[in-house]
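**Student:** Quick one: this structure, given as structure tokens, is what I'll be asking you about.
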Amino acid sequence: MASRKPKAKPVNRQSVRHQSHNHPLRVFKAKEDDETVCSGCELELIGQAFKCTKSECDYLLHKSCFDLPSEINHKSHQDHPLTLLYSPPDEESVYTCDACDQYGSGFTYHCTNCKYNLHVGCASLPETIEREDHEHPLTLLYCTPCKGREDTTYVCSACEETVLEDLWVYHCRECDYGTHVHSCVAYEDQEEDEEEEEEEGEGEDSSSPASRIKSLMKAQDEMAAMQLEARIMNDANEAALDLWDHPKRRYYW
């Protein structure tokens, strides 16, 4: 009489909970080919991460985002501590980062008193960086060096675009050389070359400052598209309200 083989026991994958999500999460290793995005920082997801255990849910978190402290003291905002929020404040769908002036819809470090917001990626930017196209290290400033000067604007030395005086920049005081914090092509090319070499070796740490800056740069185009879409929607809503208030008025272009 043939004996029956015992049924294989289901694999018991350990799950964890995070306050940002209703479902349990499991350990997940994201690959570059997956083209996944972290639901917390909204940046490219590569390396150790957590994924929702529900097959129909695409919630993902970097391990570094999973471990973010609930409150930080940041040099850019010394009057008050910043609290980690898992969604935009005031029940809005998006917020604007006070470091880079780009939109965000995921995690933010927030000051309720001052309505101050930081992308979690911007909050962890390194205080100094080096560029191949400049001989000195650049220091992170939390506003442009010309803030408060009348009739003076700050121009990014890499892309030659004007930078608003309250935005963060990387700056060399000795040469008066400075750039946006994460949106200049020259720095992106440098980081991509360095990281390709690292990936050929032992692999890249997705929570490293270099990786965060690269991901921030990749996300810039998406952020700009979100801003444009929001402005178009706002203009359309205002136009619709204006027509409702004045139904007999017609406009010709």
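**Student:** Check each of the GluC sites (Glu not before Pro) in the range 85-185 and keep only those in coil by DSSP with at most 16 other C-beta atoms within 10 angstrom; list them in order.
**Tutor:** E92, E127, E130, E132, E135, E150, E160, E161, E165, E174
**Student:** Another one. Applying 1/(1 + (r/R0)^6) with R0 = 41 Å to the Cβ-Cβ distance of K29 and R149, what FRET efficiency is obtained, to the nearest 0.05?
**Tutor:** Efficiency, rounded to the nearest 0.05: 0.25.
**Student:** Also: T128 to V16: FRET efficiency via 1/(1 + (r/R0)^6), r the Cβ-Cβ distance, R0 45 Å, to the nearest 0.05?
**Tutor:** Calculated value: 0.85.
**Student:** Against the 2.2 N^0.38 Å scaling, with N counting residues, where does the range 91-171 land? I'd like the Cα-based Rg ratio to two decimal places.
**Tutor:** 1.22
**Student:** Which pairs in the list K54/K115; K75/K147; K51/K75; K75/K115; K29/K75 are over 26 Å apart, alpha-carbon to alpha-carbon?
**Tutor:** Correct reply: K54/K115; K51/K75; K29/K75.
Throughout, read-outs are computed from the coordinates displayed, never taken from laboratory work. Just so it is clear, the model here is predicted, and its values are computed rather than measured. Don't worry about glycine lacking a Cβ; one is built from the backbone with ideal geometry, like all the others, and counts go over all protein chains shown.
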